[in-house]
Amino acid sequence: MDAILSTKNRTKKRKNNPEDQIGLKPIQVEKARYIDGYKIEIEFNDHSVKTVDFGNFLEKRPHPQHNKYKEIELFKQFKIEAGNLVWGENWDLIFPVSQLYKGTIKA
């Protein structure tokens, strides 16, 4: 009977158990700075910094809603809202924070 675990013990043994993550804050964008081309340096709330190149995505994923951001002057007009890096009044262009944190955008 030693091999049988109670529900409470099984929960403790699971990986990525939300109960073990109490107090952890979700990763959010805190600062962003235009570098050049389609590159932006992003600082997160854990103080890590990544430089992300959005050029590959913009070239390989054409879409009427975000094609205008291929124009560098419009691309530079990003902002941070609710911990996200966004473009446009209605968030025309937004990327998962997890991809930004990894430093690569899936094209």
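The values are calculated or read from the model by the stated rules, or taken from the named source; none is laboratory data. Please read all numbers here as calculations on a predicted model, not as lab measurements. Neighbour counts are summed over all protein chains in view; Cβ atoms, including those assigned to glycine, are modelled from backbone coordinates with ideal geometry.
Tabulated values for the structure
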| item | result |
| --- | --- |
| Unique residue being of a type in the set (D, E) and modelled with pLDDT of 90 or more when the list is D2, D53, D20 | D53 |
| Contacts under 9 angstrom Cβ, first residue in the stretch 81-99 being closer than 17 Å to R61 by Cβ, partner among the acidic types (D, E) and assigned to a loop (DSSP other than H, G, I, E, B), 6 or more apart | V86/D92 |
| Filter result (modelled with pLDDT of 95 or more, farther than 13 Å from I40 by Cβ and more than 18 Å from the chain's Cα centre (by Cα)) within the stretch 71-98 | E71, E73, L74 |
| Given (1) under 14 Å from the mean Cα position of the chain (by Cα); (2) at positive phi, number of the condition G37 does not satisfy | (1) |
| Members of the stretch 44-54 that are surrounded by 14 or more Cβ atoms within 10 Å (Cβ to Cβ) and either farther than 22 Å from G83 by Cα or among the β-branched types (V, I, T) (or both) | V52 |
| Every residue from the stretch 68-107 that is of a type in the set (G, A, S) and surrounded by 12 or more Cβ atoms within 10 Å (Cβ to Cβ) | G83, G88, G103 |
